[in-house]
Every structure is written in structure tokens, then in C-alpha cells.
Amino acid sequence: MFQKIAFRCVVPIATALCLGVSVAAEPLVTLDPITQVRDELRPDALISGNWLVGVHTRAQRAQNAPQLYSYVPADWEGKTVCVRVTGEKGRYNALYPYEVPGVWAGGLIKFNYPTVHPDHVESIDHTNSGVALHNGDCATVSDTFTPVLWNALENPITTDRGEVELVLNINAGRADSVFGEATLGAKVIEMTCDPTDARGVGFNYQCVFAVPGDRAAELKVAIERLRFGRAAPPRTATIQFFPPPAQ
């Protein structure tokens, strides 16, 4: 299927777009993993050592799976990034490294996801697995993320107010409760954090909040965990939100 795309050549993501021709309704860039991946489905659970295991943007379900997209900001150009996938119950774990193009103005990237477990992977979504795309290679864990669209269409769902909902999957350990907030400049955005039904070892809490869907934003996220009424040191991360183009 092909469609006409109306646009103004203000930020040249690709020179070819400025020709005004019909283009495929696909992301402009599709990346393959740059090195060997880890794609593991275990009979037993593996406890995640990372606290933030999923940063998701909600969207309508895609008919074909696996599908993995993210709107990647311009300042990630030329950088190695890592996709980490953690099943809620700790049985599925994967690491996929990619490299953002050296000339990159920001926009949608499709990440090819070759897997030896297609039956499991095609059922993944934010309710049963955490998918996190972070800045840096897979040997280390960065605290800078961009939201992903997993097995979903490339356009996030927006509210009546034009906001986009972000879902964070949290490994809170043995915390009795979790609280969180995000800051956008001087604005504080409250988030709701609830335990998952399964209380899995991969992640056991989900935090949800909304951000403006029409602007780029660097979100500072802070998560606080309470156990027996005592607070553990807060966990912090940065989420770089790059909005999709206006419809």
C-alpha cells in the first residue's frame, strides 16, 4: 500500500522526501542488529537486575509481529543503542544492539527483530513484557531511554487533549508500594504506579502518565519504593520523548 504524505521540508529527515513523490507507508529507516543478539526463553525464571525494564508508548495492535518502532531524537545520531526485553515472569530475556544512522534529524525507526522464539515474541506487549530502548551498548545499562512501540502500529494513541500515554514497567524488588513522578521543565507530572496481577520477577509494577503529544520533551523520572514504611533510595532516569508528526 502506498499513500501520499503531506509535509513541509522544515527538518530534512531525508532529502528524498522533498521530492513530493508517493512513498511507502513505512518508517524511513529500518535497522538490523549490528552484532549477535541474546534471545533466550528459559524453562525457569531469571530475576532482572534492572529496575526500569520497559518504557512503552501505547498504540493500536499491529496485525503482523514482531513489530518494534521508536521515535528516536536527533541527538542520538551515530550512537549505539540497545533494546532490552524482559518477560514479566522472567523466562524471556533478550538483548539487541543497533546503531542509529550517522546523519539523523530525528524521527521514526523500525528495528528489525530476528528471533528464534517467534510464537512467544508475537504475543509480547506492555502488559506481559518490558521493552526498553536505551542509549548505549548492551554491555552497560544507561539511564537514558526513548519510548518504544512493541507489536503495535507506529502512531501512538492520543487522548482528547492530544496527550500520549507512557507506560513504565518497573522491577521494584520486594517493595510494598511504589510512587513516581516525572518532571517536564518546571512542570511536575504525577504518575500512577500499581502492582501487576502476576507480581512477576521480571517486573512487578507499572507506572502510567501522560505527556504532551505535540512537542519534544526530556522527561526526568523518579521512582520511590517503600517497604515496611521505609523508603529506599529513589531511582531516576531520563526519557527523551520525540513526538510523531502531526496527522
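The values are calculated or read from the model by the stated rules, or taken from the named source; none is laboratory data. Please read these numbers as outputs of a predicted model, since none were measured by experiment. Cβ coordinates were reconstructed from backbone atoms using ideal geometry, including for glycine residues, and neighbour counts include every protein chain displayed. Surface areas here come from the heavy atoms of the whole protein model, side chains and all, with no ligands, DNA or RNA. Shrake-Rupley method; radii C 1.70, N 1.55, O 1.52, S 1.80 Å.
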Q) What order do Thr192, Thr115 take when sorted by accessible area (1.4 Å probe), most exposed first? A) Thr192, Thr115
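Step by step: find N for the range 75-176, compute 2.2 N^0.38 Å, then divide the Cα radius of gyration by it. What's the final number? Mind dumping the intermediate values first?
On the way: Rg = 14.7 Å, N = 102, 2.2 N^0.38 = 12.8 Å.
Dividing the Cα Rg of the range 75-176 by 2.2 N^0.38 Å gives 1.15.
Report the FRET efficiency, 1/(1 + (r/R0)^6), for Ser177 and Ile34, where r is their Cβ-Cβ distance and R0 is 25 Å, rounded to 0.05. Please report the intermediate quantities before stating the final value.
Numbers: r = 40 Å, r/R0 = 1.60.
Between Ser177 and Ile34 the formula returns 0.05.
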Q) Across the chain, how many lysine pairs separated by 8 or more positions, or lying on different chains, have Cα atoms within less than 30 Å? A) 8
Q.
Accessible area per residue for the chain in Å², computed with a 1.4 Å probe and the full protein assembly in place, what is it?
A. 51
**Q.** More than 20 Å apart - percent of Cα-Cα pairs taken over the range 28-99
**A.** 42
Q | Dipole of the range 43-202 [Lys/Arg +1, Asp/Glu -1 at C-beta], most positive-end residue of Asn155, Gly173, His117 | A | His117
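Antiparallel as a % of all DSSP beta bridges within the chain, to the nearest 5?
Values: 70 of 76 bridges.
Of all bridge pairs located within the chain, approximately 90 percent are antiparallel.
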(Q) How compact is the range 154-227 by the rule of thumb for globular proteins, expressed as Cα Rg over 2.2 N^0.38 Å? (A) 1.19
Q | Whether the range 127-178 is rounded, prolate or oblate, judged on the alpha carbon gyration tensor where a/c under 1.5 counts as rounded | A | oblate
Q: Specify the residue with the greatest mean-square fluctuation among Val167, Val55, Val103, computed from a Gaussian network of the chain linking alpha-carbon atoms under 10 Å apart.
A: Val103
Q. If you take the beta carbon distance between Asp160 and Val188 as r and set R0 to 35 Å, what does 1/(1 + (r/R0)^6) give as a FRET efficiency, to the nearest 0.05?
A. 0.95
Q: Taking the Cα centre of the range 92-247 as origin, sum charge times position over the Cβ atoms of Lys and Arg (+1) and Asp and Glu (-1), and report the length of that vector in debye to the nearest 20.
A: 500
Q: Would you kindly state how much longer the chain becomes between Ala210 and Asp119 on full extension, computed as 0.36 nm times their sequence separation minus their alpha carbon distance, in nm to one decimal?
A: 29.6 nm
**Q.** Calculated Cα extents along the principal axes in Å (choose from [x] 46, 40, 32; [y] 62, 45, 30; [z] 50, 41, 37), label
**A.** [y]
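What's the carbon and sulfur percent of the range 35-129's accessible surface, probe 1.4 angstrom, rounded to a whole number? Write out the running numbers ahead of the final one.
Details: 1980 of 4180 Å².
Result for the range 35-129: 47 percent of the exposed heavy-atom area is carbon or sulfur.
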Q: Just name one of Gln36, Tyr205, Val188: the one whose Cα is farthest towards the positive end of the charge dipole of the chain (beta-carbon charges, Lys/Arg +1, Asp/Glu -1).
A: Val188
